[in-house]
Amino acid sequence: MTVKTLTLDGKPVSAREDETILDLCREHKVPLPTLCHLEGLGAVGACRLCLVEVKGSPRLHPACTLRAEEGMEITTGSDRLKRYRRQIVELLFAERNHVCAICVVNGRCELQDVAYAVGLDHVRYQYRHPPTELDASHPRFMLDQGRCVLCTRCVRVCDELEGAHTWDVAGRGAASRVITDLNQPWGKSESCTSCGKCVQVCPTGALFEKIQPAGGTVKRRDFLTYLKTAREKKQWIR
Amino acid sequence: MNAEELQEIVERELARQETRRHRVAVCTAAGCLSLGSDRVKAALVRGVEEAQLADEVEVFGTGCLGLCEAGALVQVDSRQADGHVCRCLYEKVTEARAVELVRQHLAGGAPLPSGQLPLDDPFFARQHRVVLQGSGVRDPERLESCLAAGAYQSLQKALTELTPTDVIAEITASGLRGRGGGGYPTGLKWSTVHKASGPKKVVICNADEGDPGAFMDRSVLEGDPHRVLEGMAIAGYAVGAEQGFVYVRGEYPLAIDRLKVALKQAERLQLLGNRIFETGFNFRIDLRIGAGAFVCGEETALIASVEGRRGTPRPRPPYPAVSGLWGLPTLINNVETFANVAEVIRGGGAAFAAVGTERSKGTKVFALAGKIARTGLVEVPMGTTLREIVFDIGGGIPDGKAFKAAQTGGPSGGCIPAQHLDLPVDYESLVQVGSFMGSGGLIVMDETSCMVDVAAFFMEFCRDESCGKCVPCRAGTVQMHSLLQKLTHFEGSEADVAQLEELAELLKATSLCGLGQGAPNPVLSTLRYFRDEYLAHVREKRCPAGVCKGSAPAASAGAPAAEVSP
Ligand SMILES: Cc1cc2nc3c(=O)[nH]c(=O)nc-3n(C[C@H](O)[C@H](O)[C@H](O)COP(=O)(O)O)c2cc1C
Ligand code: SF4
Ligand code: SF4
Ligand code: SF4
Ligand code: SF4
Ligand code: FES
Ligand code: FES
């Protein structure tokens, strides 16, 4: 495997050809907010938080899908990028109903973490407060559409790791919603194995376990790396 | 089929046409159809039979004849005693008129004295028809008729006289650029796919055409489907593909029907299929019907849709030329792009490049709409000025009103104000003035159009058509639209205008695909040229054009329906 050399925020770094810019950022402790990406799942480049500048390219590129290439010069934290990231998080907060104080993941929410990371202290955009639904039909889990950021992690984990493909996205634009089966209540789903993977990978309070009170939900993501290494490298280590 | 057999069919058809005194083409495209052209056609056929003229007159349905507002249009080509063909184009034909037409013109031989469009009118005379040359000439439902008019001769030439590299060289020399919007050099795209490595390759024709007001691609498919299929087959030969797909939206039933007929006929004569023209080249084309989501015109979303998945874009690279349909190197071109290919091969790249401007070669089809005297479809050389298109060809603005702006490029385009009327219309010039070629919609606005309202219209379109995958577009178009609505309801402030601009920058820079990246353009271009109108809405609570009435926004405040349909 050939090794590439490039610069990350001015520092020379080396990369394997299968590594993404996001992998390099993580490796070199360069802080870069992400929401749709999760180590172990296929990357979709949807939340646009990890956008970086590549010298010589007029476009911005999502670090999570961008492969390292020889001689690349990457900037991760220009003022422009910081401004965009903040705007994107603001848009997410304005889009649905985020009332952290009464949320099951308050204090343990990736959307909150990202908001802190981008320095968000207030939202300037109009809150949309769309009417959203709560699906409590599953015996163990709940879905609160009001907290969903449409990162599709649940869709991907259920499809790529559990192999059930219970989740999908229906509708388009702001009317997009995650659905189970053909938009049937989750509790009636014949494909769901109740494995709970979707609940664990959901970055927000959109998917949670029924028994947990506000602020009580702790999500465990490490299982994903475990399963991934187990599958790909046949090593059963954490 | 080989060259001799083709020649035989052509001669037989030409001889057949010689025996016909009149060829009657009835526009059965959407515009005329809505004015009852199918009944007109039926009346003509019936009339011809009753008058026992079936051996002398052929009646066929065709694609858009151009001047849709004067529909239903009927074109009559009459063969004079000296062999010369004389053309009459009848406007506003009704069933009653059709009966008259049969009696007087077809049976009697004397054209009707009234109801004819003057063919020397600049609307017709100033056009340069390449892509549309077959409309009204070729019977789209009879392959023989198309062959007689030259269909598949370029394919034969390519397969028997040129190597794939030669074909690509001709396309490159022609300077042909993608007519789907961005204007990417077609030769470069073909050569990339040609060089891409893979056991199989695919050619896709993008016939999704979702721009509001646009119907250029549809017209080509309805009027001359074989021209597109031929272009695709030549492309397949050039890039090394044996399989093609036409991705056409389900809202185009006539285009779909005619494509199906055309495919079947071409396959039967082995102009598509195996060992085309008795060479080693095989090429099959299949149809894929889209459900009609605007975003499915975006290449990667289109590919996902053909694969049977939800049609949403994905980040590029990898580009489809490297990894497209099922991971295979994939060539995607627009309908009009493919429709130009036969012409390039027929006359050579250099001859094609003689028309147009320095960097935009050939012709472009525009759909003229809005506040313009002659609405319809026109094909003009690249570089024709906006003034010529709007005033000479389009007949100017009706009711003595003043021209205000022309909107090109659909939801990713912008408004061009009067000061740029002498702009030569080509890819670069349009971008320079903050607009975009797009697929060819051209909407003319006069003093009674409010530019803020126009911006709000296009933003609403993008909001509704956003696929919802990425945050800036999904949530940003909603915010932008609601800000624009505040303005049109006289409830906006200067801070709202600033926020609008800030969001415009965000969407342009960070959206995943062209829909979100282009969505701010109508806003930015109207702000650039008509900022005073925005300010009048904000400061004086007044709409200079008198369009916005300032009624309170509905309770939903522009929130799209929250329904979910699986
Ligand atoms: C949102 C969006 C919609 C599009 N719709 C169409 C379309 O309807 N037809 C089309 O030919 N190209 C459309 N395009 C452009 C295509 O993605 C693509 O660039 C084009 O088909 C390439 O062909 P060309 O090089 O011949 O222009 C669209 C692009 C975007 C971003
Ligand atoms: S999901 Fe996160 S951001 Fe949203 S309400 Fe819950 S804690 Fe707050
Ligand atoms: S619990 Fe498991 S099977 Fe059920 S939807 Fe979630 S990931 Fe899929
Ligand atoms: S439910 Fe959770 S994991 Fe699924 S899309 Fe919404 S936020 Fe993402
Ligand atoms: S820009 Fe809009 S249409 Fe394109 S991927 Fe993002 S949400 Fe979908
Ligand atoms: S993490 Fe890269 S776009 Fe979401
Ligand atoms: S639809 Fe008949 S002329 Fe355009």
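Brief remarks follow.
- The lysines whose alpha-carbon is closer than 29 Å to the alpha-carbon of B:LYS157, local same-chain residues fewer than 8 away aside, are B:LYS189, B:LYS195, B:LYS200, B:LYS201, B:LYS260, B:LYS264, B:LYS361, B:LYS364.
- Mean Cβ neighbour count within 10 Å, used as a protection proxy, ranking B:78-89, B:221-232, B:30-41, A:158-169 highest first: B:221-232, B:30-41, A:158-169, B:78-89
- Net dipole in debye of chain B [+1 Lys, Arg Cβ; -1 Asp, Glu Cβ; about Cα centre; nearest 20]: 820 debye
- Within a straight-line Cα-Cα reach of under 19 Å, B:LYS541 can be paired with the following lysines, leaving aside sequence neighbours fewer than 8 residues apart in one chain: B:LYS486, B:LYS549.
- Shape class for chain B, computed from the alpha carbon gyration tensor (a ≥ b ≥ c): oblate, with a/c not under 1.5 and a/b at or below b/c.
- Estimated distance in nm for a label pair at A:GLN184 and A:ILE211, the labels positioned 7 Å out from Cα along Cα-to-Cβ: 2.8 nm
- Projected-area average for segment B:88-179 over all orientations - Cα convex hull basis, square nanometres: 9.3 nm²
- Take the Cα radius of gyration of segment A:1-46 and divide it by 2.2 N^0.38 Å, N being the number of residues; the result is 1.21.
- Counting only other chain Cβ atoms within 10 Å of each residue's Cβ, the peptide A:172-185 averages 6.
- Neighbour net charge for B:GLY348 - beta-carbon separation under 15 angstrom, K R +1, D E -1: -1
- The antiparallel fraction among DSSP beta bridges confined to the protein assembly as shown stands at about 65%.
- Axial C-alpha extent at least 18 Å, average Kyte-Doolittle at least -1.0 - helices from chain B (DSSP): B:37-50, B:225-239, B:253-268, B:335-347, B:451-465, B:471-488, B:494-510, B:521-539
- Cβ-placed point charges (K, R +1; D, E -1), dipole of the protein assembly as shown about Cα centre in debye, nearest 20: 2360 debye
- Bridgeable aspartates and glutamates around B:LYS508 (alpha carbons under 20 Å apart, same-chain partners fewer than 8 residues away excluded): A:GLU53, A:ASP79, A:GLU90, A:GLU95, B:ASP211, B:GLU298, B:GLU299, B:GLU428, B:GLU460, B:ASP464, B:GLU465, B:ASP496.
- Here, P(r) means the percent of Cα pairs in each 5 Å bin from 0 to the largest distance; for segment B:1-143 it is 2, 10, 19, 23, 20, 15, 7, 3, 1, 0.
- Remark: mean inter-chain Cβ contacts per residue of A:79-90 equal 3, using a 10 Å Cβ-Cβ cutoff to other protein chain atoms.
- Residue order, fewest to most beta carbons within 10 Å, for B:SER174, B:SER449: B:SER449, B:SER174
- Close Lys pairs in chain A (alpha-carbon distance under 18 Å; sequence gap of 8 or more, or different chains): 12.
- By average C-beta atoms within 10 angstrom, highest first, the peptides B:253-265, A:195-207: A:195-207, B:253-265
- Relative packing of peptides A:225-231, B:480-486 - highest average C-beta neighbours within 10 Å first: B:480-486, A:225-231
- Peptide B:306-315, shielding by other chains (average Cβ, 10 Å cutoff): 3
- Under 13 Å, Cβ to Cβ, from B:GLU299 - net charge with Lys/Arg +1 and Asp/Glu -1: 0
- Under a 5 Å amide H cut-off, with hydrogens placed 1.01 Å from N, B:ILE332 pairs with B:ILE204 among residues at least 5 apart or on other chains.
- Radius 11 Å from Cβ of B:VAL538, net charge of other residues (Lys, Arg +1; Asp, Glu -1): -1
- Three principal axis lengths of chain A [C-alpha, angstrom, descending]: 53, 49, 31
- Put simply, the C-alpha atoms of the protein assembly as shown give a gyration tensor, and the ellipsoid matching it has half-axes of 51, 32, 25 Å, longest first.
- Here, segment B:308-453 is characterised by an Rg to Rh ratio of 1.05, where Rg is the alpha-carbon radius of gyration and Rh the Kirkwood radius.
- Ascending count of other beta-carbon atoms within 10 Å, so fewest first, for B:ARG177, B:ARG346, B:ARG249: B:ARG346, B:ARG249, B:ARG177
Computed from the coordinates by the stated procedures, all read-outs in this text should not be read as laboratory data. Here the structure is a predicted model, which is why all the values come from computation and not from measurement. Cβ coordinates were reconstructed from backbone atoms using ideal geometry, including for glycine residues, and neighbour counts include every protein chain displayed.
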